[in-house]
Structures are given as structure tokens and as C-alpha cells.
Amino acid sequence: MLEIKNIHVYYGAIHAIKGITITVNDGELVSLVGANGAGKTTILHTISGLLRATSGEILLDGKNLQNVPANTIINMGLAHVPEGRHIFSRMTVEENLRMGAYIISDVKRISDSMERVYHHFPRLKERARQLGGTLSGGEQQMLATGRALMTDPKILLMDEPSMGLSPILVNEIFTIIEQLHNSGITILLVEQNAKKALAVADRAYVLETGKISMQGSAKELAEDDRVRKAYLGA
Amino acid sequence: MSTFLQTLFVGLRLGSIYALVALGYTMVYGIIRLINFAHGDFIMVGGYTMIFTIPVMISLGLPGWVSVLLAILVCALVGMSTELIAYRPVRKKGTSMTALITAIAVSLLLENLAQAIPQIGPNPKVASKIFAAGGVRIADVTLDWTTMLTIFISIVVMVVLYQFTQKTKIGRAMRCVSEDKSASILMGINVNRTIVTTFAIGSGLAAIAALMYIAQYPKVYTTMGSMLGLKAFVAAVLGGIGIIPGAMLGGFVIGLVESFTTSYVSSSMADAFVFLILIIVLIIKPAGILGKNMGEKV
Ligand SMILES: Nc1ncnc2c1ncn2[C@@H]1O[C@H](COP(=O)(O)OP(=O)(O)OP(=O)(O)O)[C@@H](O)[C@H]1O
Ligand SMILES: [Mg+2]
């Protein structure tokens, strides 16, 4: 479904991504783990077109994304839950979800999607009229995820969904990620919580300062000594 | 009592004009964080468009105010071109300081370009009467049509604009882009197009303000937008820059302060009071009357 082939990304003179190849197959949940500043967010931004790779290719269902305007990538079935949620704080929960369906004009489809999201996240329904900025961190994460689901995407990019959440909420978010995965959505998950990320994933990549240092099935990686030392606190 | 009522209506009339112009500043600031110094000059562009087209309308048997539609169109085009030709390229490459200097340059350019056009020249032009003379007497004050229409039209325009930003797809996109550009892109919003649309709307409002202004003070000259623009900018800051209801409120506050100072203190103090109010409000509430710093949770 998603093929990233040997991409290089720069911030001015800073060489942030140094030749990375990642594949996410149909229906897979792939985790990308790595320390702060390893380049995880940069990779997701490059997939979504918010940043551009200077070389290499990104293919979605075989179609090259390099020249697709960033705001039209969502039309190809890719949705992105950004790091730090980036919900619209001055809009209500319902308006935020409506913005998630911005590219859809069929009113019926929008209301169906909204019901589906409310079904996943009943707490959002209770707070439909509340401003996004007044939600708790966990609720904001649910809103950001729900918003990305409004277009019924084939593939979901999630950037540190558990960041800053209490342990109970972390569990809740990971349960939701598993549910989404089971419902057939392909997911590329970026996480610093490597333990959880490896527990839910099919496969995983370990990123170190702009390069992939290890990859394999999530189970194998979770048992690997180097991974355990560096990321699992063992 | 009659002085009070008269002063109140004059203040509301002035405030209506300030509010419409302030909306243009605030919408553009909201979406690209730029103080569009050229915005005041869009009023002048609208003013001249009407000066030249009102006689045409009248010769066609139409009322003179119809030319405001042309003025809206011309102002919208000038606003959009300013964004496309001047601001967008600078935004891509430069800092916010370069953008600000570009805005000042566009303002000077418009004023001087206008003067260079032989049909315009350096001397003010007098506009013909726009709204019918006369009015209605309420208690012991006469309310002229110009005042009533000015207040009425501006309130209608503001209500429509507010509903537009709340209820329509483009309006919502404008609010999203104002708040978070990268998240807007992820939603599928064409950010550049949304910014251009904002310029078109803000500049169109300046044309409506120009109509009301020349209905009251029927004189058009190349720098007519400077002081008016400055006060409207003060109104936008006073209400909370970037906030649409703030611009409306700020506009009316400035209009009322100006007319009450003129009536009860002295006309030469009016501008001083306007800026005094601004300073006091900014000391008490730096983000403006309706401005608030809503913390984003991490
Ligand atoms: N806008 C930017 N300008 C310059 N350098 C940047 C910019 N954004 C990120 N970087 C650098 O690129 C590298 C990768 O950053 P990135 O945000 O992708 O890391 P990350 O793996 O997502 O980290 P975290 O886990 O903290 O979110 C870092 O060294 C960072 O300092
Ligand atoms: Mg990151």
C-alpha cells in the first residue's frame, strides 16, 4: 500500500532523514519507534506532503506522491493524526469532525461518518458542542483520531498518540488503535512508547538519527536485546 | 437629550465604517499574521471606482449607489492581486519584517500610482449625492437616510459575514487556516486559495466602507484611506486583532468615543482620545477587548 524508497529530507542544511526505506502492506499495522529527534515526525510529514524529500520516492498504491499537492493527498485515502493533536481549538468538537470531512460534500456520508466516530468515541458525542481547546489531552487525542477517520481512510498515519497521556488513557488509546487495525485500516504508527507500539504492531522499524537501524516482525524486535536495552528499559 | 441622541447616531455611523474597514485588517491578520498596511488604500481604490462609475450608473438610469458593486469587484481584485503579486512571494522567502515592509510599500505604491493617473491627480474629487436627502424625525432629532442606511447596511454585512464564517465551507476553511495551517492542509484545505479568498472578502468590505464614507464626506483623494485606515486598525487591535466580532466591537467603540469627544469635549481632542482609549485597553488587556489567550493543551 505505502512504499517509501530511499528518501532523503533536509531542513536547510540539516540532513534529517538519510536514505530511508519503509514498506507498509495492506491491512498491516507497522510501528516506527525511535528516540527524540530521530526523525519520526519528519518521515510522516514527508509522506503527507507537508515536507518534501530531496530524493527518493513515496508511492501510495503505486502512485508517486512526490508531485501531489499536500492538500489533495487525503483524497487518495491517506489520513494523518499529527503529533501534538493539532485540533482546531476555537472550533467545537462537532466542527472539528466536520473539518475532517472537508473533502466530502455528500451530507449523508458526513453524518454517517460522524455517527461512526461517535460510536468509537462516545465521549466526543457528549462533548459535541464544547470547544476543542477545552478538552482534556486524552479527549483531544480522541478528537484528532476521530477527525482523521471522517474520510474513512485506507491508511492512517499516527504520530505519538500516547504522548502526555495518563497510563489509563494510554491503554485506552492503544485499544482503539487495535480496534482500528482489526477493522481493516492500514496503520503506520509512530511512538516513543516502544513497548506498547511493538505489542500492537505486525512489523516495526527502529529509527536512529535519520536512519533505520533495525527492522522486522514486532515480536522479534520486542525480544531483541538491543531493542530491549535501548527502548524497553530492560 | 437631543445632542446625546444625535451624537450617539453619529458615533454609530462612524463606527459602522470603522468596523467594516477593521474587519479587513482583522481577517487578513487572522489568516497570515500580517498587518496589511495597504488595506486603507483599498478604500481609496473603492472611492475612485465609484467617483468614475456613479455618473455612468446615473446615465443608465440606475441609482448611483449601484456602482458600489463595481467598487467591490475592483477592490477584491486589487486585494487578491496584492496577495498574489506582493505578499505571497515575500511570505515564502522572507520574515514577518520583510512582509510588513512590503505592505507599507504596497500602500505607498497604490497612493502614488493613483496620483500618477491623469484622471485622478493630486486634487480631491467631489462625489455626487449617494443616498437620498432628508430623513425621519424621532423625538427632536432628525435621522438622515445616510446615517440610517450606513448603520443598517454595516450591521447586515457583519451578520452575513459572521454567519458565512460559521456556517459555510469556505468560511470554516478560513477559520481553520487562521488557526493552524498544517492541520488545514491535512484536512484537504487549499491554504493559498483560502488566503486569496480572505483578501477578496476583506477588500470588498473596504469598498462598502468607501461607499458609506463618501455618502457622508463626499470627497475622494489619494490619501483618504490613511487616517481612516489607521483608526480602523486601532479598532481591530482594540477589539482583539484576528477576531471578527472584535473588529466590529472595536469599530463601534472608536466611532462612539470619537463622536462623544467631539460633542462634549472638543473636536480637536477626538483623535487623541481614540488613541488614549487604545493605550488604556492594551494596558489592561493586551490581547484586546475580546482577545484571549486560549492555551493549547499538549
Ligand atoms: N523545522 C525544523 N527545522 C530544523 N530542524 C528540524 C525541524 N524539525 C525537526 N528538525 C530536526 O530534525 C530532526 C528530526 O526531528 P523529528 O521531529 O522528525 O524527530 P522525532 O523523531 O519526531 O522526535 P520526537 O520523538 O521528539 O517527536 C531533529 O534533529 C530535529 O531537531
Ligand atoms: Mg515527533
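Taking the Cβ of each residue in A:Ser89, A:Ser111 as the centre, tally the other Cβ atoms inside 10 Å and list the residues starting with the fewest.
Fewest-to-most Cβ neighbours within 10 Å comes out as A:Ser111, A:Ser89.
Which one of B:Ala209, B:Ile280, B:Ile185 is farthest out on the positive end of the charge dipole of the range B:154-298, using unit charges on Cβ (Lys, Arg +1; Asp, Glu -1) and the Cα centre as origin?
B:Ile185
Rank B:Leu100, B:Leu230, B:Leu60 by mean-square fluctuation in a GNM of chain B with C-alpha springs under 10 angstrom and give only the top-ranked residue.
For chain B, modelled as a Gaussian network with Cα springs under 10 Å, the answer is B:Leu60.
Shielding of B:171-177 by partners, i.e. mean partner chain Cβ atoms within 10 Å per residue?
Details: counts 0, 6, 2, 0, 5, 7, 0.
Taking the mean over all residues of the peptide, I get 3.
Across bins of 5 angstrom width beginning at 0, how are the C-alpha pair distances of the range B:158-232 distributed, in whole percent?
Percent of Cα pairs in each bin: 3, 13, 20, 19, 13, 12, 10, 6, 2, 1.
What are the ³J(HN,Hα) values, in whole Hz, obtained from phi via the Karplus relation 6.51 cos²θ - 1.76 cosθ + 1.60 with θ = phi - 60°, for each residue of the range B:131-144 in sequence order, with x given for Gly and Pro?
So the J values, rounded to whole Hz, are 9, 4, 6, x, x, 10, 9, 10, 6, 10, 10, 9, 9, 7.
For the range B:194-298, restrict the atom set to alpha-carbon positions and state the Rg and Dmax in Å.
In Å, with Rg to one decimal and Dmax whole: 15.6, 54.
For A:Thr21 and B:Val56, what is the calculated FRET efficiency with R₀ set at 51 Å and r taken between the beta-carbons, to the nearest 0.05? Mind showing how you got there, number by number?
On the way: r = 66 Å, r/R0 = 1.30.
Once the sixth-power term is evaluated, E becomes 0.15.
Taking θ = phi - 60°, what integer Hz values does the Karplus form 6.51 cos²θ - 1.76 cosθ + 1.60 yield along the range B:191-198, in sequence order, with x for Gly and Pro?
Per-residue couplings from phi come out as 5, 4, 5, 5, 5, 4, 4, 4 Hz.
Can you return the lysines within cross-link range of B:Lys129? Criterion is Cα-Cα under 17 Å, with same-chain partners fewer than 8 residues away left out.
Result set, ordered by chain and number: B:Lys219.
So how strong a dipole does chain A carry about its Cα centre when Lys and Arg Cβ are +1 and Asp and Glu Cβ are -1, to the nearest 20 debye? Could the numbers behind the result be given before it?
Numbers: 25 positive and 25 negative charges, 86 e Å.
Rounded to the nearest 20 debye, it is 420 debye.
What's the FRET efficiency of A:Lys229 with A:Ser183 using the Cβ-Cβ distance as r and R₀ = 22 Å, to the nearest 0.05? Could you put the intermediate results ahead of the total?
On the way: r = 35 Å, r/R0 = 1.58.
Between A:Lys229 and A:Ser183 the formula returns 0.05.
Pop a pseudo-label 7 angstrom from the Cα along the beta-carbon direction at both A:Ile103 and B:Leu108 and give the gap in nm to one decimal.
Those two pseudo-labels are separated by 4.5 nm.
Compute the FRET efficiency between A:Asn171 and A:Asn36 as 1/(1 + (r/R0)^6), taking r as their Cβ-Cβ distance and R0 = 25 Å, and round to the nearest 0.05. Let's see the in-between values first.
Working: r = 23 Å, r/R0 = 0.91.
For R0 = 25 Å, the calculated efficiency reads 0.65.
Multiplying the sequence separation of B:Tyr162 and B:Thr142 by 0.36 nm and subtracting their Cα-Cα distance, what value in nm do you get? Walk me through the numbers before you get to the answer.
On the way: separation 20, 0.36 × 20 = 7.20 nm, distance 3.11 nm.
Extra length from B:Tyr162 to B:Thr142 when fully extended: 4.1 nm.
Using the Cα centre of the protein assembly as shown as the reference point, and only Cβ charges (+1 on K/R, -1 on D/E), how large is the resulting charge dipole? Debye, rounded to the nearest 20. Each step should come with its number before you reach the end.
Values: 45 positive and 35 negative charges, 111 e Å.
Here the size comes out at about 540 debye.
Below 8 Å, C-alpha to C-alpha, sequence gap of six or more: please give me the relative contact order for the range A:73-144 in percent.
Working: 57 pairs, mean separation 35.5, N = 72.
Taking the mean separation of contacting Cα pairs over the length of the range A:73-144, I get 49 percent.
Could you line up B:Cys176, B:Cys75 from fewest to most neighbouring Cβ atoms inside 10 Å?
Values: B:Cys176 25, B:Cys75 32.
The most exposed by this proxy come first: B:Cys176, B:Cys75.
State whether the range B:9-84 is rounded, prolate or oblate according to the following rule on the C-alpha gyration tensor (a ≥ b ≥ c being the square roots of its eigenvalues): a/c under 1.5 gives rounded; otherwise a/b larger than b/c gives prolate, and the remaining case gives oblate.
Details: a/c = 3.06, a/b = 1.46, b/c = 2.10.
Judged from the Cα gyration tensor, the range B:9-84 comes out oblate (a/c at least 1.5, b/c at or above a/b).
Under a straight-distance cross-link criterion of Cα-Cα below 23 Å, which lysines are reachable from A:Lys125, leaving out those fewer than 8 residues away in the same chain?
Straight-line reach from A:Lys125, under 23 Å: A:Lys108, B:Lys167, B:Lys169, B:Lys297.
Applying the Karplus parametrisation 6.51 cos²θ - 1.76 cosθ + 1.60 with θ = phi - 60° to the phi angles of the range B:42-49, what ³J(HN,Hα) value in whole Hz is obtained for each residue in order, glycine and proline being reported as x?
Values, residue by residue: 5, 4, 4, 4, x, x, 5, 4 Hz.
Counting only residues 5 or more places away or on other chains, whose amide H sits under 5 Å from the amide H of A:Ala128 once H atoms are built in the peptide plane?
It is none; the list stays empty.
About its Cα centre, how strong a charge dipole does the range A:150-200 have in debye, to the nearest 20, once Lys and Arg get +1 and Asp and Glu get -1 at the Cβ? All intermediate terms of the calculation are to be shown ahead of the outcome.
Values: 3 positive and 6 negative charges, 24 e Å.
Charge dipole of the range A:150-200: 120 debye, to the nearest 20.
Determine the shape class of the range B:45-155: with a ≥ b ≥ c the square roots of the Cα gyration tensor eigenvalues, call it rounded for a/c under 1.5, and otherwise prolate if a/b is greater than b/c, oblate otherwise. Let's see the in-between values first.
Values: a/c = 2.59, a/b = 1.86, b/c = 1.40.
Prolate.
Sort the range B:77-116 into rounded, prolate or oblate with this rule: let a ≥ b ≥ c be the square roots of the eigenvalues of the Cα gyration tensor; rounded if a/c is under 1.5, and if a/c is not under 1.5, prolate when a/b is larger than b/c, oblate otherwise. Display every interim value, and only then the final one.
On the way: a/c = 3.43, a/b = 1.61, b/c = 2.13.
Note, shape of the range B:77-116 comes out oblate.
I need to check one value: relative contact order of the range B:1-136, counting alpha carbon pairs closer than 8 Å and at least 6 residues apart, in percent. Don't jump to the answer; show the numbers that get you there.
Values: 90 pairs, mean separation 35.4, N = 136.
Taking the mean separation of contacting Cα pairs over the length of the range B:1-136, I get 26 percent.
Any idea which of A:Gln66, A:Val24, A:Leu50 is furthest toward the positive side of the dipole for the range A:1-138, if Lys and Arg beta-carbons carry +1 and Asp and Glu beta-carbons -1?
A:Leu50
Please list the non-local residues whose amide H lies under 5 Å from the amide H of B:Leu143, H modeled 1.01 Å from N, same-chain partners needing a gap of 5 or more.
Under 5 Å from the amide H of B:Leu143 lie the amide H atoms of B:Val136, B:Arg137, B:Ile138, each far enough along the sequence or on another chain.
Among A:Gly84, B:Ile31, B:Leu149, pick out the residue whose Cα is farthest towards the positive end of the charge dipole of the protein assembly as shown, where Lys and Arg carry +1 and Asp and Glu carry -1 on C-beta, about the Cα centre.
Of the listed residues, the answer is B:Leu149.
Calculated from DSSP H runs of 4 or more alone, at -39500 (n - 2.57) each and per residue, what is the 222 nm mean residue ellipticity of chain B, nearest 500? Write out the running numbers ahead of the final one.
Numbers: 12 runs with 212 residues, N = 298.
When only DSSP H runs of four or more count, the value is -24000 deg cm²/dmol.
Going by how many other Cβ atoms sit within 10 Å of their own, how do A:Met76, B:Met227 line up, fewest first?
Details: A:Met76 14, B:Met227 11.
Listing A:Met76, B:Met227 from fewest to most nearby Cβ atoms yields B:Met227, A:Met76.
For A:Ser136, enumerate residues with amide H under 5 Å from its amide H, sequence gap 5+ or separate chain, H modeled in the peptide plane.
none
All of the numbers you see were taken from the coordinates with simple rules; none came from a lab. Because the structure is a prediction, the values reported are computed rather than measured. Every residue, glycine among them, receives a Cβ derived from its backbone with ideal geometry; neighbour counts consider all protein chains shown.
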